[in-house]
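Trainee: So that we are looking at the same thing, I have put the structure below in C-alpha cells.
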Amino acid sequence: MTARELVKILKGEVISGESRLDEEVQSIGAGDMMSDILALAKPGMVVLTAHTSPQSVRTGMVTELLGLVVIQNKNIPPATIELARMNDFLLIRTPFFMFSACGRLYTAGFKGIDG
C-alpha cells in the first residue's frame with residue numbers, strides 16, 4: 001500500500017514530502033526511543049511516534065525511512081518542519097493516539113517489520 005493510503009486511513013495531515021505519497025510503504029513501526037528506531041528501522045518504513053524534534057527527522061533520514069507519523073495532533077516545531085521540507089522527507093500528523101493509529105493500519109493490511 002502507498003503512503004497516500006496511509007494518510008487517508010489515519011485522517012492525516014501531510015506536513016512535508018508530498019512528492020513521496022505514491023511510494024509503497026514497506027513496513028510500519030511505532031516507538032518513541034530514537035535508539036530503537038536507529039537499530040530496527042528498514043528502508044521504506046514509516047514510523048509512528050510522539051517525538052517532534054528535528055532529531056526525529058534526522059534519525060528517519062539516516063535510516064532511510066519513508067517517513068514519520070506524529071500522533072495525537074502534536075505541535076511540530078518549525079525547525080522540524082523546515083528540516084523535513086528541505087530534505088523532501090515525508091512528515092504526517094494524525095489525530096489518533098498510538099494504539100488506535102497502529103490498529104487502523106494493521107486492520108487495513110499494513111505489516112510491521114516482524115510480519
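What follows is calculated from the coordinates using simple rules that are stated; it is not laboratory data. Here the structure is a predicted model, which means the values were calculated and not measured.
Trainee: Which entry is the computed semi-axes √(5λ) of the Cα gyration tensor in Å for this structure: [x] 22, 16, 14; [y] 18, 15, 14; [z] 24, 15, 13?
Mentor: [y]
Trainee: Over the chain, calculate the relative contact order: mean separation of alpha carbon pairs under 8 Å at least 6 apart, over the residue count, as a percent.
Mentor: 33 percent
Trainee: Tell me, what HN-Hα J-couplings in whole Hz come from the Karplus equation 6.51 cos²θ - 1.76 cosθ + 1.60 at θ = phi - 60° for each residue of the range 70-79, using x for Gly and Pro?
Mentor: Here the 3J(HN,Hα) series is 8, 8, 6, 6, 4, 5, 9, x, x, 5 Hz.
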